1. Would you pick out the residues in the stretch 283-312 that are closer than 30 Å to PHE163 by Cβ, part of a loop (DSSP other than H, G, I, E, B) and in contact with a helix residue (DSSP H, G or I) (Cβ under 9 Å, 6 or more places away or on another chain)?
2. Please work out which one of (1) closer than 16 Å to LEU114 by Cα; (2) touching a residue at least 40 places away in the same chain (Cβ under 8 Å) is the condition ALA86 fails and give its number.
3. Given the conditions (1) modelled with pLDDT under 95; (2) within 26 Å of the chain's Cα centre (by Cα); (3) of a type in the set (D, E, K, R); (4) part of a loop (DSSP other than H, G, I, E, B), report the number of the one that GLU390 does not fulfil.
4. I want to confirm something. Restricting to the stretch 287-301 and keeping residues that are loosely packed, with under 10 Cβ neighbours inside 10 Å and basic (Lys, Arg), which single residue is farthest from ALA245 (Cα to Cα)?
5. So, in the stretch 13-40, how many residues would count as being under 27 Å from the mean Cα position of the chain (by Cα), assigned to a helix (DSSP H, G or I) and surrounded by fewer than 16 Cβ atoms within 10 Å (Cβ to Cβ)?
6. Looking only at the stretch 41-58, count every residue that is part of a loop (DSSP other than H, G, I, E, B) and surrounded by 14 or more Cβ atoms within 10 Å (Cβ to Cβ) and tell me the total.
7. Would you mind telling me which numbered condition in (1) outside any helix (DSSP H, G or I); (2) within 18 Å of SER100 (Cα to Cα); (3) touching a residue at least 60 places away in the same chain (Cβ under 8 Å) VAL146 fails?
8. Out of GLU326, GLU315, which single residue is assigned to a loop (DSSP other than H, G, I, E, B), more than 15 Å from PHE235 (Cβ to Cβ) and either of a type in the set (Asp, Glu) or not assigned by TED's automatic domain parsing to the domain that holds VAL247 (or both)?
Amino acid sequence: MQTLPTIILRPGEADRIVAGHPWVYANSILRVTAPPDEGQLVQVKDHRQRMLGVGFFNSKSKIVVRILAHDRVQADAAFFEERIRAALEVRVRHMPHATSFRVVNAESDYLSGLIVDKYEDVLVMQISSLGMDQRKKDIATALRKVLNPRAIVERNDPAARKFEGMEDSSGVLVGKAVTHVSIGLNGMKFTADLAAGHKTGLYLDQQVNYEAVAKLACLRPAAQVLDCFTFHGGFGLHAARAGAAHVLGLDQSAEALQVAKGNAVENNLGDKCAFEAANVFDWLKAQTVTRPNEKLIPRWDAIILDPPSFTRTRETLPNALRGYKEIHLRALQLLKPGGVLATFCCSHHVTGQMFLDTILSAAYDRQRILRRVATFSQSPDHPVIPMIPETEYLKGCAFELVR
């Protein structure tokens with residue numbers, strides 16, 4: 001193997017890498033033996049010259065090195081094929097019946113900066129690190145050998161690439177251009193919008209939770225279900241199939257609701273589901289306004305809150321917590337006693353305890369008592385590595401309203 005430039009870490013900075021975290025920050029570096037090229041594979045050692053691993057170098061990023069392996073490897077098509085096969089084995093083991101799922105989840109699969117989602121026979125690749133970007137042809141070659149897709153689409157997050165000093169890049173890497181794909185989730189049909197849908201086209205991280213929440217939402221016969229931030233109708237349509245008498249889905253995006261309506265019709269649930277384009281905050285507020293001496297009569301047996309992330313930085317965390325509290329204050333007013341509130345947070349900077357405290361604070365202010373009946377995390381195709389906190393972002397709970 002060729003000699004690699006060496007990154008020497010400061011004393012005390014190696015422990016996190018030894019424990020399994022793949023990121024090396026600029027302030028952790030003691031010295032560099034030779035100037036690496038941007039995106040080049042480098043080796044990382046502690047201050048006593050003990051080998052810690054190899055990874056991709058990028059001086060323009062806050063994450064200067066992304067560890068790829070703890071031993072010397074060649075970052076070629078054969079290496080990526082081996083890693084992708086290992087990642088796929090995890091999904092097959094834990095989600096044996098799924099046909100659409102996340103194949104590679106970046107740090108969770110020790111491929112930092114690489115996400116690959118499988119929508120039936122189409123793959124969507126999202127790259128947010130320079131080293132991976134320089135090797136996307138090798139990655140595409142490996143994906144073709146492992147999964148034999150009819151198309152591989154590159155759809156990147158411009159904001160994430162900007163932090164890495166990269167320009168935006170999207171397009172078709174293999175096959176013909178694909179914008180919409182019909183996929184199966186839990187025995188239901190959904191349309192994934194690969195051109196404009198959230199994330200890479202759909203919220204695959206809620207796949208397992210859709211069914212779990214639907215069962216809880218329909219514990220009462222003829223349940224009336226409110227699905228806030230419904231997007232393409234994931235939670236609401238599962239609830240309708242599980243036995244809800246009526247589901248109302250709310251979302252600010254009229255385009256997303258058109259897809260949701262199509263999904264409802266495709267699953268023969270159109271007569272049970274209605275959708276309304278609205279700002280959820282404003283809608284909830286309007287529904288809880290009462291005249292003097294007028295009593296608010298709750299009408300919902302189940303309410304689902306699954307908003308997009310309210311913050312991507314620690315600086316805006318207080319505003320995010322206020323937002324989460326606001327929607328819970330309103331939702332608790334609209335929920336019938338004995339009803340179910342299923343609520344989620346996908347903001348990484350909001351910890352599980354912060355989220356729970358916010359919910360309980362809203363319940364206290366509304367003089368409501370909640371019984372927790374379930375907790376949720378992301379689906380198994382988005383694995384959590386406890387030593388890499390960034391891999392755990394989705395948290396959720398279901399509560400019964402005691403009074």
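1. Selection gives ASP306, PRO307, SER309, PHE310, THR311, ARG312.
2. Failing condition for ALA86: (2).
3. Only one criterion in (1) modelled with pLDDT under 95; (2) within 26 Å of the chain's Cα centre (by Cα); (3) of a type in the set (D, E, K, R); (4) part of a loop (DSSP other than H, G, I, E, B) is unmet by GLU390, namely (4).
4. ARG291
5. 1
6. Residues in the stretch 41-58 being part of a loop (DSSP other than H, G, I, E, B) and surrounded by 14 or more Cβ atoms within 10 Å (Cβ to Cβ): 3 in total.
7. Unmet condition: (1).
8. Just a single option satisfies the conditions, and that option is GLU315.
The values are calculated or read from the model by the stated rules, or taken from the named source; none is laboratory data. Note that this is a predicted model, so its numbers are computed, not measured. We place every Cβ from the backbone using ideal geometry, glycine too, and count neighbours over all the protein chains shown.
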